[in-house]
Amino acid sequence: MGEIKVSPDYNWFRSTVPLKKIIVDDDDSKIWSLYDAGPRSIRCPLIFLPPVSGTADVFFRQILALTGWGYRVIALQYPVYWDHLEFCDGFRKLLDHLQLDKVHLFGASLGGFLAQKFAEYTHKSPRVHSLILCNSFSDTSIFNQTWTANSFWLMPAFMLKKILLGNFSSGPVDPMMANAIDFMVDRLESLGQSELASRLTLNCQNSYVEPHKIRDIPVTIMDVFDQSALSTEAKEEMYKLYPNARRAHLKTGGNFPYLCRSAEVNLYVQIHLLQFHGTKYAAIDPSMVSAEELEVQKGNLSISQEEQ
């Protein structure tokens, strides 16, 4: 099983951090699953949104590390929604249920696109204080599947899984990346037909981000220099869309750097959130802030990157 290969910490995580299930829509079948860890006194936590093939627990390394440093972290798994507006409305209701006025969002791939759409959706009454976009995109047309988006609901689960597996790295990778891929395959297997079909629909139906609606939100763009499902053109489009964004580049990490390069990803997350320390939008318990420790970690990051 992928979970054993990825880390023995995973089983410990599953046994110590409870998975909550919340219904906020009139439709009882729409269940949000989430892990909410860290100090409840924090009113502007960091929320993680997974990619098409991911579940809430793909961010277990971030939850363990960041909560240990004093951050409040929520990792989500969204229910079946078939269009972006429906998702945004459901997510807004979830934040209302959790009594969270503003949040920081970390979105991986589709999660990053949905994070941007939610920021756009709530721009008149902002709910998103900042964005970290990991291997993400701003326009679904890059996948050249907008014409098939309306037919995913008809396809059997095995066919949908085959489509997704085609985006996973197939060449030689290092052991940590291989374990991350195994883990994501395992998570993919746990998703049902309607979950997969709806996520692929959200990923491919014709839509793009309107940057003028979210230009005042601090953004960090996180991407990898090695092989991933994201094209160079898609990355360049993101840089153009957010010219003032901070950039967090990882030399390697493939599609799932939060699993196989978690130390670097976690440090970039800390650096992003550092700008909000001491404000009411801090995602960390003030008593846990250690600027000295972060400086040491920044030094370690630059050393490790030079060695790669």
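Among the conditions (1) part of a helix (DSSP H, G or I); (2) open to solvent by less than 60 Å² (accessible area, probe 1.4 Å); (3) small (Gly, Ala, Ser), SER287 misses just one, which is (2).
For the structure I just gave you, tell me whether PHE152 is out of contact with any helix residue (DSSP H, G or I) (no Cβ under 6 Å at 6 or more places or on another chain) and part of a helix (DSSP H, G or I). Taking the combined requirement at face value, the residue does not satisfy it. Of all residues in the stretch 184-199, those satisfying the criterion of being more than 16 Å from the chain's Cα centre (by Cα) and either under 17 Å from LYS30 (Cα atoms) or touching a residue at least 60 places away in the same chain (Cβ under 8 Å) (or both) are VAL185, ASP186, SER190, LEU191, GLY192, GLN193, SER194, GLU195, LEU196, ALA197, SER198.
Output the residues belonging to the stretch 46-63 that are among the aliphatic types (A, V, I, L, M) and at pLDDT 95 or above. Of everything in the stretch 46-63, those that are among the aliphatic types (A, V, I, L, M) and at pLDDT 95 or above turn out to be LEU46, ILE47, LEU49, ALA56, VAL58, ILE63.
Every condition in (1) within 28 Å of LEU267 (Cβ to Cβ); (2) hydrophobic (A, V, I, L, M, F, W, C); (3) touching a strand residue (DSSP E or B) at 6+ places or on another chain (Cβ under 6 Å) is met by TRP69 except one, and the failing one is (3).
Among all residues of the stretch 37-59, there is none that is of a type in the set (A, V, I, L, M, F, W, C), farther than 25 Å from TYR268 by Cβ, surrounded by 19 or more Cβ atoms within 10 Å (Cβ to Cβ) and touching a residue at least 60 places away in the same chain (Cβ under 8 Å). Selection over the stretch 208-255 of residues that are over 21 Å from GLY166 (Cα atoms), part of a loop (DSSP other than H, G, I, E, B) and touching a Lys or Arg at 6+ places or on another chain (Cβ under 7 Å) gives a count of 1.
Please indicate, with yes or no, whether at least one residue in the stretch 127-142 is free of Cβ contacts under 8 Å to residues at least 40 places away in the same chain, surrounded by fewer than 17 Cβ atoms within 10 Å (Cβ to Cβ) and in contact with a Lys or Arg (Cβ under 9 Å, 6 or more places away or on another chain). No, the stretch 127-142 contains no residue that is free of Cβ contacts under 8 Å to residues at least 40 places away in the same chain, surrounded by fewer than 17 Cβ atoms within 10 Å (Cβ to Cβ) and in contact with a Lys or Arg (Cβ under 9 Å, 6 or more places away or on another chain).
The values are calculated or read from the model by the stated rules, or taken from the named source; none is laboratory data. If you're wondering where the values come from, they're calculated on a predicted model, not measured in any experiment. All Cβ positions, even for glycine, are placed from backbone atoms using ideal geometry, and neighbour counts span all protein chains on display. To get the accessible areas, we keep the full protein, side chains included, count just its heavy atoms, and leave off ligands, DNA and RNA. Shrake-Rupley method; radii C 1.70, N 1.55, O 1.52, S 1.80 Å.
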